[in-house]
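Following: one structure in structure tokens, then a few remarks.
The values are calculated or read from the model by the stated rules, or taken from the named source; none is laboratory data. Given the structure is predicted, the values throughout are model-derived calculations rather than measurements. Here the Cβ positions follow ideal geometry from the backbone for every residue, glycine too, while neighbour counts run over all protein chains shown.
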Amino acid sequence: MSKFEILEDYFGHKQFRPLQEEVIDAIMHREDVLMVLPTGGGKSLCYQLPTLLMEGVTVVVSPLLALMHDQVTALKANGISAAMLSSMQSLEESQQIEAQLRQSEIKLLYVAPERLTNAYFLNLLHDLNINFFVIDEAHCVSEWGHEFRENYRRLSLLKAQFPTVPIAAFTATATKMVEEDIVANLGLQNPKRVRGSLFRENLTIHAKHRIKDGKEQLLAFLKLHEGESGIVYTLSRKSTESVAQFLQSKGVEARPYHAGLSTEEKNGTYRDFVADKVQIVVATIAFGMGIDKSNIRFVVHMTMPKTLENYYQEIGRAGRDGLESETLLLFSAADIVQQKMFIEDLPDIPYKAHAFNKLDSMVRYANSEECRHQSIAAYFDDTIATCVDKCDNCAAPESEKIDITEPARMLLSAIARTEQKFGLHYIVDILRGSREQRILQNGHDNLSVYGIGEKYSKAQWLTIGDKLLELGAVEIGEFKVYRLTTFGVEVLKGKHTVLLKKERLSVKQSAPKRKVTYFDDYDAELYDKLRKLRSHIASENGIPPYIVFSDKTLKDLSAKKPQSKEEMLEVHGIGEVKYERYGEAFLALLT
Ligand code: ADP
């Protein structure tokens, strides 16, 4: 049989997709291969098809049991003999598979990476006729990737033990650095490198600042997708439950999915979702890896993921069938604080700093006004043209942008006049003519920029500050001090126009301020976040949490949601001293 016949007969496809043939031919020529292709690009076919043209067995290393299981089931459904070996199986089952392997009855064998360190298994492999090894999700090899797995590191033994057996490595997400790491760690010999464009043209990407808990924004988005399948990602188990309940109360069919549910419940939801019996799954990131459901029409993130790799993989689950699909990211400053806390809590591993950098890239992406497809591609060292109208930024007409050159110059001027020695909040307070002690003591109320920016709220000024940071007009130095860059100096001199999406300045204005004094009426989700921040500060200072703020203070904070120092001082239990110590950290979470 020719490869074209196999393509039609076993896989039911009329033609190869770009790059598939190239990889298949390289594998047939016994070359090592490294393929980077977005999710849904059709990587599995690249190793499954040539296997059917070969005599022996192809050994596929894959990180997740569920993934292997799905693949084996799909292959068997196509009449291809496949099996997996896992620690979950009984001795009899694995003995039976071993016997089949020895009889050359299995074409594709799926195993977890840890199995390759098992001497018994390695001996078995030496007795078999192995076509080639496949390393799926190969980015797990690299510490610079986002899903490093210790077990993947040991895969270097493959080339040592089986020097003549080729290796084909596949991943959807790899920067050039991760690519080099994969080649080096697996010991690939002069591999055929194939890199697909990361442009997923059937995805329309949106990212928006979250208003409150984002539920109303979610509902508005779902109105455009009535009856369609989709995934809504949230950060915590609790929020999967609360968002799913909210949707159910609005008549939308949704189910939660998180690691705390029983295996039965999880499997049931997974099955029903794949079978289109449940429309929406509200999940933590535990859900969806390797999911083989091609008609997912939308993916929503209710909070910011910790890396662009995660984000790209998660949105990549939409539209695998190539039909138009949509993604929405809702984010806020509080997400950043929370993600930073997660990273802080990691053991002091060498790539902790790396994790912070990855988060920074994610934040820049979320706030960016550039083409989103292009930004993602650039992050993965790929260059593409702008998407024209497949993202909110490119589709936004110029009229939705406003000229903020004047306030931008005011802000830059205030930074320059205070000798680039202060943080953004302080600078903004000067512009807004605050009577704060420190400003008066420093004599900054005498500056020409003092009080010239009352037209904008503090939140709006902070947005303008963010924009200048995104543009590279300012940079943050030690102690969060804001400094001008060369480009910033040019903006200050009026050499550039600064445009900002209108909605970024209006979000805070339109969010109604709630003045609630009944503690029963507090925002429970926010309260939870405040508590986390409190325990973080407490452990950092080696004091009990109630010393930082009492529960009553936290409840009052989550009811009143203060947006400035003045408003913060109205909250139960917060005076100047407490504000000085902890105020800014809590404000960052609230604003
Ligand atoms: P990846 O592993 O890269 O995420 P898959 O191998 O799961 O992608 O393939 C994604 C989808 O594309 C599957 O539904 C598969 O059947 C389909 N597919 C793969 N190759 C082709 C092809 N040549 N023509 C049409 N559909 C294809």
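Those residues that are under 12 Å from V61 (Cα atoms) and not charged (D, E, K, R), I need them from the range 118-140; list them, please. Matches in the range 118-140: F132, F133, V134, I135, A138, C140.
Select, from A353, A378, A318, A334, the only residue that is in contact (Cβ under 8 Å) with a residue 24 or more places away in the chain, among the small types (G, A, S) and part of a helix (DSSP H, G or I). Full working, then the answer.
On the way: A353 fails: in contact (Cβ under 8 Å) with a residue 24 or more places away in the chain; A378 fails: in contact (Cβ under 8 Å) with a residue 24 or more places away in the chain; A318 fails: part of a helix (DSSP H, G or I).
Result of the check over A353, A378, A318, A334: A334.
Exactly one residue among L469, L505 is modelled with pLDDT under 90, assigned to a helix (DSSP H, G or I) and in contact with an Asp or Glu (Cβ under 9 Å, 6 or more places away or on another chain), and that residue is L469. Every test in (1) farther than 26 Å from Q338 by Cβ; (2) more than 16 Å from the ligand (Cβ to nearest atom); (3) modelled with pLDDT of 90 or more is passed by S229 save one, and that test is (2).
Given the structure, is K223 touching a helix residue (DSSP H, G or I) at 6+ places or on another chain (Cβ under 7 Å) and charged (D, E, K, R)? In short, no. If you check G443, G433 for being modelled with pLDDT of 85 or more, surrounded by fewer than 13 Cβ atoms within 10 Å (Cβ to Cβ), over 30 Å from S375 (Cβ atoms) and of a type outside the set (D, E, K, R), only one passes: G443.
For the subset of the range 232-269 comprising residues that are in contact with a helix residue (DSSP H, G or I) (Cβ under 8 Å, 6 or more places away or on another chain) and assigned to a helix (DSSP H, G or I), which member is surrounded by the most Cβ atoms within 10 Å (Cβ to Cβ)? Going through the qualifying residues, I end up with V243. Which members of the range 292-339 meet the condition of being polar (S, T, N, Q), away from the ligand (no atom under 16 Å from the Cβ) and either surrounded by fewer than 24 Cβ atoms within 10 Å (Cβ to Cβ) or closer than 15 Å to D360 by Cα (or both)? Once the filter is applied, which keeps residues that are polar (S, T, N, Q), away from the ligand (no atom under 16 Å from the Cβ) and either surrounded by fewer than 24 Cβ atoms within 10 Å (Cβ to Cβ) or closer than 15 Å to D360 by Cα (or both), the range 292-339 yields T303, T307, S332, Q338, Q339.
In summary, Y365 fulfils each of the numbered conditions (1) within 24 Å of I464 (Cβ to Cβ); (2) modelled with pLDDT under 90 with the single exception of condition (2). Candidates in the range 87-127 are the residues that are buried (at least 16 other Cβ atoms within 10 Å of the Cβ) and in a loop (DSSP other than H, G, I, E, B); of these, the one that is nearest to the chain's Cα centre (by Cα) is A112.
Taking every residue in the range 239-267 that is among the hydrophobic types (A, V, I, L, M, F, W, C) and pairing it with any residue that is modelled with pLDDT of 95 or more and loosely packed, with under 13 Cβ neighbours inside 10 Å, at least 6 positions away or on another chain, yields no pair with a Cβ-Cβ distance below 7 Å. The residue of the range 137-157 that is nearest to K306 (Cα to Cα), among those that are of a type in the set (K, R) and part of a helix (DSSP H, G or I), is R153. Contact map, the range 573-588: residues that are part of a loop (DSSP other than H, G, I, E, B) paired with residues that are surrounded by fewer than 16 Cβ atoms within 10 Å (Cβ to Cβ), Cβ distance under 9 Å, separation 6+ or inter-chain. Pairs shown: G573/S550; G573/K552; G575/L569. Among the residues of the range 28-61, the one identified as of a type in the set (S, T, N, Q), crowded, with 23+ Cβ neighbours inside 10 Å and within 13 Å of the ligand (Cβ to nearest atom) is Q48. Elements of the type strands (runs of 3 or more DSSP E) sitting completely within the range 158-231 and holding at least 1 residues that are over 30 Å from L116 (Cβ atoms): these cover 203-209.
Here's the yes/no breakdown for (1) of a type in the set (F, W, Y); (2) in contact with a strand residue (DSSP E or B) (Cβ under 7 Å, 6 or more places away or on another chain):
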| site | (1), (2) |
| --- | --- |
| D403 | no, yes |
| M410 | no, no |
| A414 | no, no |
| K421 | no, no |
| Q441 | no, no |
| V449 | no, no |
| Y456 | yes, no |
| T463 | no, no |
| K467 | no, yes |
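Take the conditions (1) within 16 Å of the ligand (Cβ to nearest atom); (2) crowded, with 19+ Cβ neighbours inside 10 Å; A74 misses just one of them, which is (2).
To keep it simple, each residue is scored yes or no on (1) touching a residue at least 40 places away in the same chain (Cβ under 8 Å); (2) more than 16 Å from the ligand (Cβ to nearest atom); (3) touching a strand residue (DSSP E or B) at 6+ places or on another chain (Cβ under 8 Å).
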residue: R154; (1), (2), (3): yes, yes, no
residue: P163; (1), (2), (3): no, yes, no
residue: I167; (1), (2), (3): yes, yes, yes
residue: A172; (1), (2), (3): yes, no, yes
residue: K176; (1), (2), (3): yes, yes, no
residue: N185; (1), (2), (3): yes, yes, no
residue: V194; (1), (2), (3): yes, no, yes
residue: L198; (1), (2), (3): yes, no, no
residue: N202; (1), (2), (3): yes, no, yes
